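First the structure, in the form of structure tokens, and then the observations on it.
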Amino acid sequence: MSTTVLRAPDRDPAWLGRVFWISALLVLLWPLGVATEFKPWVLVEPRNLKVTAQFLGGFWPLTLNAEFMGLVLRETWRTVAMATAGLTLALVVAIPFTLLSNRVLSISALVGPMARGPAWLRQGVRWFLVFLRSIPELVWALVFVRVVGLGPTAGVLAIALTYGGMLGKVYGEILESGETHTTQNLLRNGSGRLQAFFYGLLPTNAAELTSYTVYRWECAIRSSVVLGFVGAGGLGQQMDNSMKMFNGGEVATLLLVFIALVALADQVSAWLRKALG
Amino acid sequence: MKIDLQALSARHPAARVGAVPAIRLIDLQIASGEQVAVIGPSGAGKTTLLQVLACALTPTAGSLQLDEVAPWRLSRRALQRLRGQLFLAPQVPPLPPRQRVVTAVLAARLPAMGLLASLRSLFYPNDIPGAFDALDRFDLAEKLFERVDRLSGGERQRVGLARALLAPAKLWLIDEPLSALDPTRSRQAIDTLLGSARERGVTLVATLHQVDVALAHFPRVIGLRDGEVAFDLPAEQVTRERLAALYDQFEHELRGEVTPIPENNVTTPQPVVMHCR
């Protein structure tokens, strides 16, 4: 038995640290707020409230006449088509680069470090993929609108390049983080790199790769709407037109259709991933 | 295939530089068509020896010759072609969980198949009778079109062994073929392996924890202890005293009390971050 009487601690020992980190965070956030002119209260100034009310008030009644709905339907379909075609092209870009950059498929790395030539080639391909994906599809779209003119082609090409980079990089990460025992054994037993890919690496990671691709397709639908604003066709372009004409009813209809489309894509993608998982 | 090792040392690729090599100064000659069991307590270097023979590990010293050829003097391409003549079956069978058994078994043929033929075989297995026969010899014929992840551990191990029968190899290197099998299955598996190796004139080197199986079935037994050859004798000359010396302080392994469980390193892959941007 100890003789000292236990006393309840005066204060929580973690308290000081907590106070320090919260104040440090606030101090760090302050210049960011200044830099972005972050003044949320301007939203509720009477003048701005009036503008907002006018804009939102224009949303009603929704434009629902047959002619406009036909147009919306066509543009929606065009948006889906743009996303799908873009993603397909992105796969064409991504797959060869993924294969080229994959460290698991290195024969020289089976024993000890990878040979210098292949290592540099793989690193170079990686950097190229990073370059592709670090330029937003919006920028690519602006470039392609100049080159191929207004319309969905620019959107498709933009999605293909950016998403090609993203898919290539993430595919590489999936393949290298997964189980490599099978692939290594196939290579050790003398099969070629592509054979080892199709018989070892691909079946091991197929579910994850497909699930990621489906998820990206959903993202592509959302981003193809944004691309429309710079003239790449689809729902976004229509929305841009209606906004410039101050036609609130059309904007509201388009927004609702857009929300429904994203929700639907989300459902389809979730269902597909579940079926594949 | 003829094997010739001269004063060969090797260390595990993950070992620290300067660490004691896993196998040291091994001199070993194995004639073409011979059947050899390698026994010894855990950590004796049995698996490392197999990996060196499979050209999956570069020796740190000494020389390795397979059919009078020094593999590590070959170009990378020629070495990979040579690996096609070696079949290494690791203790954990390298089978992708979602692959069908027929595909997994036929994958052993890859070194002898062109890329186009191997792709075609993914759509329609190119030698169903061959795969069926190989599986049938391990009593697994009815599992031909099952998925690998529907099999039990023992069945998976036998699928891994059945691959040997289809591999275009002249040297079979089999690591712990019986670790997940019950005694009846063990006897059947070892009979099939030895019988098929004899039919084909294939050289067979197997590491075994079951000393009784090694002595009863293999004409030649090598005892490995602390990375060195303790004895290399015809099975009938391996006396009780020699075994006692080999397994000194590892008696429980000699009595077969601990059957090594193949660590199932089927790691669940890291979930990929689903980021849109």
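The values are calculated or read from the model by the stated rules, or taken from the named source; none is laboratory data. As the structure is a computational prediction, the values presented were derived from the model and not from experiment. Because the Cβ atoms are built from the backbone with ideal geometry, glycine has one as well, and the counts that use them run over all protein chains shown. SASA here: full protein model, heavy atoms, side chains in, ligands and nucleic acids out. Shrake-Rupley method; radii C 1.70, N 1.55, O 1.52, S 1.80 Å.
Tell me which residues, restricted to region A:187-208, are more than 8 Å from chain B (Cβ to nearest Cβ) and either aromatic (Phe, Trp, Tyr) or surrounded by fewer than 21 Cβ atoms within 10 Å (Cβ to Cβ) (or both). If the condition is that a residue be more than 8 Å from chain B (Cβ to nearest Cβ) and either aromatic (Phe, Trp, Tyr) or surrounded by fewer than 21 Cβ atoms within 10 Å (Cβ to Cβ) (or both), then A:193, A:197, A:202 are the ones that fit.
Could you tell me whether any residue of region B:10-32 is at positive phi and open to solvent by less than 40 Å² (accessible area, probe 1.4 Å)? Even if it seems obvious, please write down each step before you answer.
To start, the set of residues in region B:10-32 that are at positive phi comprises B:18, B:25.
In the following step, the residues that additionally are open to solvent by less than 40 Å² (accessible area, probe 1.4 Å) were identified as none.
Looking through region B:10-32, none of the residues is at positive phi and open to solvent by less than 40 Å² (accessible area, probe 1.4 Å).
Filtering region B:142-152 to residues that are exposed (fewer than 14 other Cβ atoms within 10 Å of the Cβ) and either touching an Asp or Glu at 6+ places or on another chain (Cβ under 7 Å) or away from every other protein chain (no Cβ under 14 Å) (or both) leaves B:142, B:145, B:150, B:152.
For first residues located in region A:106-119 and more than 8 Å from chain B (Cβ to nearest Cβ) and surrounded by 15 or more Cβ atoms within 10 Å (Cβ to Cβ), partners that are part of a loop (DSSP other than H, G, I, E, B) and of a type in the set (A, V, I, L, M, F, W, C) and lie 6+ apart or on another chain with Cβ distances below 6 Å form the pairs A:106/A:114. Residues being more than 14 Å from chain A (Cβ to nearest Cβ) and closer than 21 Å to residue B:33 by Cα are entirely absent from region B:121-128. Here the condition is being among the acidic types (Asp, Glu) and under 30 Å from residue A:155 (Cβ atoms); of A:37, A:67, A:45, it holds for A:67 alone.
Of all the criteria given as (1) away from chain B (no Cβ under 14 Å); (2) assigned to a helix (DSSP H, G or I), the one not satisfied by residue A:225 is (1).
Just so you know, in region A:56-69 the residues that are within 30 Å of the chain's Cα centre (by Cα) and part of a helix (DSSP H, G or I) include one that is nearest to residue A:245 (Cα to Cα), and it is A:56.
With respect to residue A:242, is the statement that it is part of a helix (DSSP H, G or I), open to solvent by less than 30 Å² (accessible area, probe 1.4 Å) and within 14 Å of another protein chain (Cβ to nearest Cβ) true?
no
Against the numbered list (1) more than 7 Å from chain A (Cβ to nearest Cβ); (2) open to solvent by less than 30 Å² (accessible area, probe 1.4 Å); (3) not aliphatic (A, V, I, L, M), residue B:65 comes up short only at (2).
The residues of region B:153-193 that are farther than 21 Å from residue B:103 by Cα, in a loop (DSSP other than H, G, I, E, B) and within 12 Å of another protein chain (Cβ to nearest Cβ) amount to a single one, B:170.
I'd like the residue in region B:68-92 that is facing another protein chain (nearest Cβ under 9 Å) and touching a residue at least 40 places away in the same chain (Cβ under 8 Å) and, out of all such residues, is most open to solvent (accessible area, probe 1.4 Å). So the residue we want is B:85. The requirement of being under 27 Å from residue A:131 (Cα atoms) and of a type in the set (Gly, Ala, Ser) is fulfilled nowhere in region A:53-68; no residue meets it. Scan region B:204-223 for residues that are more than 13 Å from the chain's Cα centre (by Cα) and β-branched (Val, Ile, Thr) and the total you get is 4.
Tallying residues that are of a type in the set (Phe, Trp, Tyr) and open to solvent by less than 60 Å² (accessible area, probe 1.4 Å) within region A:124-161 yields 2.
Scanning region B:78-103 for residues that are of a type in the set (A, V, I, L, M) and under 16 Å from the mean Cα position of the chain (by Cα) yields B:86, B:88, B:89, B:92, B:95.
The condition of being open to solvent by less than 20 Å² (accessible area, probe 1.4 Å), in contact (Cβ under 8 Å) with a residue 24 or more places away in the chain and not assigned by TED's automatic domain parsing to the domain that holds residue B:160 holds for only one of B:202, B:213, B:238, B:229, that being B:202.
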